[in-house]
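Read the structure below first, then the notes.
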Amino acid sequence: MSQRSEALAVRLEDGALALATFASDLTEAEWQARGPKDRRKFGVLVHHVATMYPLEIQVALTLAAGQAVSGVTWDDIHQLNLRHAVEFDGVKKAEALELLRKNSAAAAAAIRALSDEELDKAAPVSLNGDAPLTCQFLLEDHAVRHSYHHLAAMRAAMPVMAAR
């Protein structure tokens, strides 16, 4: 294991833990609440992050192998997110938190298995206009950042929800 892969894995774990801690403390009403910007329920967002870890890691491993990521567009991602929000509209807190724990651990383990050479491999990524991105950049921009991104949005929405 490289120091870089370990550092990335720890950042992913820290973000997942922060999200899980925040979500654990939500009341049922807060779990069902929707933020003002992202209209998905908080519970759905927690489950979404957990669900996306395997896909984000799969894409990163494609880059680590030196292969391009093609045929995936942001429209595809938005449709995937919409279908997920409908399918898991009533997700229970315990179920989402367990999936977050399980999938973040698996994602961190996959990251730890990457060498510096694999982290440095770059190939075109269709989600980014076919720009050649490194595996490390993709990990940081997606799997590692994902929990922090949604956690920050949920925290920012809390005062807005209280004012309603």
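Worth pointing out:
- Qualifying residue in the stretch 8-26 (condition: in contact (Cβ under 8 Å) with a residue 40 or more places away in the chain, among the polar types (S, T, N, Q) and either within 20 Å of Asp141 (Cβ to Cβ) or touching a helix residue (DSSP H, G or I) at 6+ places or on another chain (Cβ under 6 Å) (or both)): no
- Any pair with Cβ under 9 angstrom, 6 or more apart, that starts in the stretch 65-84 at a residue that is without any contact (Cβ under 8 Å) to a residue 24 or more places away in the chain and ends at one that is part of a helix (DSSP H, G or I) and of a type outside the set (Val, Ile, Thr): Asp76/Leu127; Leu80/Met52; Leu80/Leu55
- Residue count for the stretch 29-50, restricted to those that are assigned to a helix (DSSP H, G or I) and surrounded by fewer than 21 Cβ atoms within 10 Å (Cβ to Cβ): 4
- From Leu61, Leu17, Leu26, residue being surrounded by fewer than 21 Cβ atoms within 10 Å (Cβ to Cβ) and part of a loop (DSSP other than H, G, I, E, B): Leu26
Residue-wise test of (1) more than 29 Å from Gly43 (Cα to Cα); (2) of a type in the set (Val, Ile, Thr); (3) out of contact with any helix residue (DSSP H, G or I) (no Cβ under 8 Å at 6 or more places or on another chain).
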site	(1), (2), (3)
Asp116	yes, no, no
Ala122	yes, no, no
Leu127	no, no, no
Leu133	yes, no, no
Asp141	no, no, yes
His146	no, no, no
Leu151	no, no, no
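- The stretch 64-91 - residue that is within 17 Å of Arg40 (Cβ to Cβ) and surrounded by 14 or more Cβ atoms within 10 Å (Cβ to Cβ) and, of those, nearest to the chain's Cα centre (by Cα): Asn81
- Those residues of the stretch 80-109 which are touching a Pro at 6+ places or on another chain (Cβ under 9 Å) and of a type in the set (A, V, I, L, M), in sequence order: Ala106, Ala107
- Of all residues making up the stretch 104-143, the number that are in contact with a strand residue (DSSP E or B) (Cβ under 7 Å, 6 or more places away or on another chain), among the basic types (Lys, Arg) and assigned to a helix (DSSP H, G or I): 0
- Flag for Gly71 being modelled with pLDDT of 95 or more and either part of a loop (DSSP other than H, G, I, E, B) or touching a Ser or Thr at 6+ places or on another chain (Cβ under 8 Å) (or both): no
- Subset of the stretch 109-136 (residues that are buried (at least 18 other Cβ atoms within 10 Å of the Cβ) and under 25 Å from Leu19 (Cα atoms)): Ala110, Ile111, Leu114, Cys135, Gln136
The values are calculated or read from the model by the stated rules, or taken from the named source; none is laboratory data. Just so we're clear, the structure is a prediction, and the values are computed from it rather than from any experiment. Positions of Cβ are backbone-derived with ideal geometry, glycine not excepted, and every protein chain shown enters the neighbour counts.
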